[in-house]
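Engineer: Just passing along the structure, written as structure tokens.
Just so it is clear, none of the values below were taken in a lab; they were calculated from the coordinates. From a predicted model like this one, the values you see are computed outputs, not experimental measurements. When we count neighbours, we look across all protein chains shown, and the Cβ atoms used for this are built from the backbone with ideal geometry, even at glycine.
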Amino acid sequence: MSQPKFLADHDLNEHIVVGVIRRASTAVFSRVREVGLHHRPDEDILDYAAQHGFIVVSHDVNTMPAAAYARLAAGNKIAGLLMVQQTYPISVIIDNLLLIWSASEAEEWENQVYFLPLG
């Protein structure tokens, strides 16, 4: 079992990434631009994330879930997808990501799509 690590989609609010890293300096939270995927389609981002064990975190509720479900329907895996509504307070989303990071295993999120905040 391994600790979750995150990949911020190009549209994710940068304050979320910074907030998680500030509160948990050992958390892995990469950005698509850091891995050369900032101009790539959702399918490529999900593929990279699956290959490298990253849970994708995105605001793109219009296309990213559809790409994830299409990938799953085709028999391909995802490392996980966490969708973030832009209307929620950033602090709530940071708290949720920190809870996921500190209290779960990466494998629990495989092939799962969730909307934050949880429950």
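Engineer: Using a Förster distance of 35 Å, how high is the FRET efficiency between H39 and S91, based on the Cβ-Cβ distance and rounded to 0.05?
Structural biologist: Between H39 and S91 the formula returns 0.70.
Engineer: If you don't mind, another one. Tell me the label only: which of (i) 36, 30, 29; (ii) 73, 27, 23; (iii) 38, 33, 29 is Cα extents along the principal axes in Å as calculated from this structure?
Structural biologist: Computing Cα extents along the principal axes in Å and matching it to (i) 36, 30, 29; (ii) 73, 27, 23; (iii) 38, 33, 29 gives (i).
Engineer: Another question about this same structure. Would you mind working out the magnitude of the charge dipole of the chain relative to its Cα centre, with +1 at each Lys and Arg C-beta and -1 at each Asp and Glu C-beta, to the nearest 20 Debye?
Structural biologist: 220 debye
Engineer: What distance in nm separates the simple spin-label points at V18 and F115, each placed 7 Å from Cα in the Cβ direction?
Structural biologist: Label-label distance for V18 and F115, simple model: 2.8 nm.
Engineer: How do S58, S2, S102 rank when sorted from fewest to most other Cβ atoms within 10 Å of their own Cβ?
Structural biologist: In increasing order of surrounding Cβ atoms, one gets S2, S102, S58.
Engineer: Once fully extended, how much extra length lies between Q3 and A70, figured as 0.36 nm per residue of separation less the alpha-carbon to alpha-carbon distance?
Structural biologist: 21.5 nm
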